[in-house]
Amino acid sequence: MQINYFTKFLFVGLLFLSGTLFAQEVEHHIDEPNAEHNDALEEEISEDIDHHIQDSHSFTFFSDKEAGKHYGFPLPVILWDDGLQVFSSSKFHHGETVAENNGNYYKLYHSKIYKTDASGTLNFDEDHHAINKKPLDFSITKNVVMMFVTGLLMFLLFAGLARSFGKGPIARGAGRFFEPIVLYIRDDIAKPNIGPKYKKFMPYLLTVFFFIWFLNLFGLTPLGVNVTGNISVTLALALLTFIITQFSGNKNYWKHIFWMPGVPVPMKFILAPIELLGVFIKPFALMIRLYANIMAGHVVLMSIIALVFFVQNWIGGGLSLFLAFFLSIIELLVAALQAYIFTLLSALYFGFAVEEHDEAH
């Protein structure tokens, strides 16, 4: 035991010393006279991080900026602009050129498509926001592709799991890993929080858990996808939970919102608006929690990796890579944790909606 404690103490001491030296090196390099180079590097890194966390109309694996080459594949652009406009995103050449289709011209700017002229003119307001007309965009973007891939993966996974149960009581193959997770969601999330009516909510709870979990895991791969860090995706998921909750609500659910039993009448008029506001706050909290945690994880991880280019020595580079590796391990846990929290809270809301109350009690 003494050797074990000494080893832990030595490890913490070395980590603290390395962190101190690393901080000194960062401060030293920031104070060097090549401030212009650092500013340019910082701007380039910021653009790379923005490119990673944003959606894209093409699927790019990696780019060679010096050669101006991008390795990936284009995706279909589907717009509604005085009619249906369909063309390949390769016409944009990653935002470098103007795309022409049926006599209309479009410009890709900050992952958004604006209508423009043949020369690609964009007009900006005082805050440097483009004010050109934006057509309705129904394009198959990188995030949409990953959602299709995740949906197909889940279909194949659960179809195989169902077939394995048809051959015997024990799951086979990958089903042996996923069966305990399915049972955990049923026995430890759905049953305790929803009650006897849990079965009709199981398809949604299983779908939303594995959908969020798989997308979070894809976000940690070099594919550069950030689906659950997109607030429109988390909004759609939260809206599904909200809609299911409201349509599943029984008379007791609505009575406890608008006219709570056992509460003095004057207090009912005060508490009813608060309870009604809580109905909309719950899905909002679901949306923000998932979005903020995943987005923050991507930004912090890429920022730590970017420190290698600022501190060009073995101490700083080694420590930043160690921190990035350590944070990646934590992000693996966060990927499952956020899926679990979203599923658990959804089950709680469903339980509130279908709960039966003993009026006499």
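Every number here is computed from the coordinates shown, using simple stated rules; none is lab data. Predicted model, so just to flag it, every value in this text is computed and none were measured. All Cβ positions, even for glycine, are placed from backbone atoms using ideal geometry, and neighbour counts span all protein chains on display.
A few comments on the model shown:
- Over 21 Å (Cα to Cα) - which of K199/K282; K69/K142; K197/K251; K91/K134; K107/K134 fall in this group: K199/K282
- Averaging 1/r over every pair of different alpha carbons in the stretch 143-354 and inverting the result gives a Kirkwood radius of 19.6 Å.
- Of all beta bridges that DSSP places with both ends in the stretch 65-140, some 100 percent have antiparallel geometry.
- Here the stretch 100-227 is treated as a sphere whose radius is the Kirkwood value from Cα pairs; by Stokes-Einstein at 37 °C and 0.692 mPa s it diffuses with a coefficient of 176 µm²/s.
- Cross-link reach list, lysines versus K167, counting only Cα pairs under 20 Å and skipping chain neighbours closer than eight places: none
- Given their separation in residues at 0.36 nm each and the Cα-Cα distance between them, H128 and H93 gain 10.3 nm when the chain is fully extended.
- Its Cα centre serving as origin, the stretch 143-354 has a Cβ charge dipole (Lys and Arg +1, Asp and Glu -1) of approximately 780 debye.
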